[in-house]
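Student: Sharing a structure with you now.
What follows draws every value from the coordinates through simple rules; no lab data is involved. Given the structure is predicted, the values throughout are model-derived calculations rather than measurements. Positions of Cβ are backbone-derived with ideal geometry, glycine not excepted, and every protein chain shown enters the neighbour counts.
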Amino acid sequence: MIRSRKGLAILAITLIVSMLAGALIARLALDRVLGGFDRIDGVFADLDEDSRPPGGSGGDPATFFLIMGTDARAAGPTTGEAATASEGSARTDTIMLARVDGSSDRTHLVSIPRDSWVDVPGHGMNKINAAYALGGPALLIQTVEQLTGVRLDHFAIVDFIGFETITDALGGVTVTVPFDSTYHGREFRAGPQRMDGETALAYVRQRENLPRGDFDRVQLQQSYLAGMLRTIKDDVSLIDFTTARSFIDAVQQSVSLDDTLTTTRMLQLAWQLRDIDTSSLAFLTAPYTGTGFEGTQSVVYLDQEAANGLWTGLVEGTVDSRLSDYQEFLYTSN
């Protein structure tokens, strides 16, 4: 049966979740699982080096990831080791920029609304989620780098076929629901709620029923990610190899990575983040002024001045000192 991927943005960050498991992955370092991720060849090789932002400097610069999920419709998985179908002319349903600090376990995750009205190189003004359909990963990376001034180091893409499997591999996830909502007969009440894969899938798919639409959905996605990390830290023992292997296998089957993100580099990041918890994470949404229409398209207008300050803070490693400027766009996990 063909399934819809629309609205399943949280899968775009399963790569980050796998890294945030930290020592859990490191304990499996000698196992075959990390080497089994599907790699996408030439994602960065196709970029014009002269037009890219400069890289980081210093002895231990941050690492930047672009994580995306597609709205592909297919009869089977389109990403990861389990991929059996073509994604066709998919657009990105989710775009997330992740900064992993080079000298601590501090991580910043910034959601860029999929309908953001931006300049797509070679194609003029368009929704940012069109870049992938127009030119694949390379054009999306080019678009995000041009928008943010952030040089991206790695790229990952997922669809949602494995979402339920990933959640169920952990025995479910306890999510702190930020506000009441109802979706297709399912009720989500503010406060902690244990979700199996099917319930979590409904939770992150919400949009039309939410007062702020996609902006509220981003907050639900971020709350789910925080809940998944807490579940990994609290419920999965480092010596529980059965659960650990099930979780890693589920992620492996669902995520495709760029070919420069080697097993060795993944292990370095996992070790670096071995002590991370939700207090180590900062969840933000790219600052925006509101929504409107360009022709018949509903779009999001970014607040360029505020966003530029955020991008600069990410590059310079000073964003934490500026978080008070972004309270409206900051999600605080609890």
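Student: How far, in nm, would the chain grow between T318 and T264 when pulled straight, counting 0.36 nm per residue and subtracting the alpha carbon separation? Kindly include the intermediate steps, with their values, before the conclusion.
Tutor: On the way: separation 54, 0.36 × 54 = 19.44 nm, distance 2.82 nm.
Stretched out fully, the T318 to T264 stretch lengthens by 16.6 nm.
Student: Moving on. Let me spell out the model: positive unit charges on the Cβ of Lys and Arg, negative unit charges on the Cβ of Asp and Glu, origin at the Cα centre of the stretch 118-229. What dipole size does that give, in debye rounded to 20?
Tutor: Working: 9 positive and 13 negative charges, 41 e Å.
With Lys and Arg at +1 and Asp and Glu at -1, about 200 debye.
Student: Hey, if you put +1 on the Cβ of every Lys and Arg and -1 on every Asp and Glu Cβ in the stretch 274-320, which of A306, F283, T296 ends up farthest toward the positive end of that dipole?
Tutor: Selected residue: T296.
Student: Could you calculate the FRET efficiency of H184 with D277 from 1/(1 + (r/R0)^6), where r is the beta carbon distance between them and R0 is 56 Å, rounded to 0.05?
Tutor: On the way: r = 33 Å, r/R0 = 0.58.
With R0 = 56 Å, the Cβ-Cβ based efficiency is 0.95.
Student: What FRET efficiency do you get for S298 and N209 if R0 is 25 Å and r is their Cβ-Cβ distance, rounded to the nearest 0.05?
Tutor: Working: r = 17 Å, r/R0 = 0.66.
Once rounded, the FRET efficiency stands at 0.90.
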